[in-house]
Amino acid sequence: MNLETIGKLLENVRKSNPLVHNMTNVVVTNFTANGLLALGASPVMAYAEQEVADMAKIAGALVLNMGTLNEREVKAMLIAGSSANRHQVPVLFDPVGAGATPYRTETAQKIVRELTLSLIRGNAAEIANVIGESWEIKGVDAGEAGGDVATLAKAAAQKLNTVVAITGKVDVISDGSRVYAIHNGHPILTKVTGTGCLLTSVMGAFAAVEKDVLAAGAAALVTYGVAAQLAAEKAAAEGPGSFQIQFLNALSTVTADDVHRLGAIEQTGL
Ligand code: ATP
Ligand code: TZP
Ligand code: MG
Ligand code: MG
């Protein structure tokens, strides 16, 4: 995985304009659609159990996000996910708040049990709770308790037989054998709600154009972090409101050249 390949994948997303079917939460819906549009993908949100199987099968990727889950939506997610699985459409999962309540933890574990997932992205606490390990979580935000996130990502990828990304100050991504660490991003991302959720959908856009899900996921993490750095240069001092606008702008203008200049990815020794 090198920065040239990542730049090419970014250009492929823009050229292909992939349709990304999102079943996401009420907090981040508009931000997610705008972020995908800015990047060069084509977002659609669809939830009705009568149509999700049809939408998922024509999409380049399906993104399931349980941020504001309810029984009707979980049922529809399983219908959409099994349609995507039947039609070889990659399914990505964001287990928002897994571990915060028993209902969230049980639902996340049901989704990983019943669907074949290409990628799961969350904070460390969410990923730990999906695989049945306890890790402090406060609402939907990662707790303070530390731990080795690279080891956790690799173990979770092996246990769930999928690519696992854990984000935070440093992002890690593993397919169960290789582990990459990405040192991009900016702390002000934590002051805008939905930056994790949008990232999972951006990973969906990359997975739609690249079958190697580890490469697609790593490329999305680097591109997203570099865009955040460019936006922060312009707006971090003004605060999260200005940053959010500049971040959407940066997703639409970030280039392969920026990725080459600022991207920071390494394969870990694990
Ligand atoms: P949480 O609820 O714990 O904030 P999340 O789902 O919002 O999780 P994040 O882990 O915040 O997801 O990841 C979203 C983006 O923010 C990623 O690109 C990540 O690299 C970046 N990020 C998060 N924390 C930092 C930080 N301290 N410094 C730099 N980038 C960060
Ligand atoms: N509550 C339920 S979903 C949600 C909140 C605040 C959004 C979480 O978004 P992110 O991307 O995990 O910060
Ligand atoms: Mg965050
Ligand atoms: Mg999140």
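The values are calculated or read from the model by the stated rules, or taken from the named source; none is laboratory data. These figures come from a predicted structure and were not determined experimentally. With ideal geometry, Cβ positions are generated from the backbone for all residues, glycine too; neighbour counts draw on all protein chains shown. Heavy atoms of the whole protein, side chains included, go into the accessibility calculation; ligands, DNA and RNA do not. Shrake-Rupley method; radii C 1.70, N 1.55, O 1.52, S 1.80 Å.
Could you give me the radius of gyration and the Dmax of the chain, taking only the C-alpha atoms into account and expressing both in angstrom?
In order Rg, Dmax, the Cα atoms of the chain give 16.7, 48 Å.
Based only on Cα atoms, what Rg/Rh ratio does region 47-186 have, Rh being taken as Kirkwood's radius?
Reported Rg/Rh (Cα atoms, Kirkwood Rh): 0.97.
What does the charge count near Gly204 come to, summing +1 for each Lys or Arg and -1 for each Asp or Glu among other residues with Cβ under 11 Å from its Cβ?
That sum, taken over residues with Cβ under 11 Å, equals 0.
What trypsin sites (Lys or Arg not before Pro) in region 207-270 are in a loop by DSSP, with at most 15 other Cβ atoms within 10 Å of the Cβ?
Sites meeting the loop and neighbour criteria: Lys211.
Quick check on packing: order 128-134, 11-17 by the mean number of other C-beta atoms within 10 Å, highest mean leading.
Details: 128-134: 18.0, 11-17: 16.0.
Descending mean neighbour count gives 128-134, 11-17.
If I compute solvent accessible area with a 1.4 Å probe over the protein chains, what percent of it on region 31-164 is carbon and sulfur?
C and S fraction of accessible area: 50 percent.
Going through the DSSP H helices of the chain, which span 24 Å or more along their own axis at the Cα atoms while scoring at least 1.0 as a mean Kyte-Doolittle hydropathy?
Working: long enough: 213-235 (32 Å, 1.23).
Long hydrophobic helices here: 213-235.
In Å², and per residue, what accessible area does the chain have when probed at 1.4 Å with the other protein chains present?
About 41 Å² of surface per residue is accessible.
How charged is the neighbourhood of Ile182? Take every other residue with its Cβ under 10 Å from the Cβ of Ile182, and add Lys/Arg as +1 and Asp/Glu as -1.
-2
Within the set Lys110/Lys159; Lys75/Lys211; Lys169/Lys191; Lys110/Lys211; Lys57/Lys110, which residue pairs have Cα atoms separated by over 18 Å?
Lys75/Lys211; Lys110/Lys211; Lys57/Lys110
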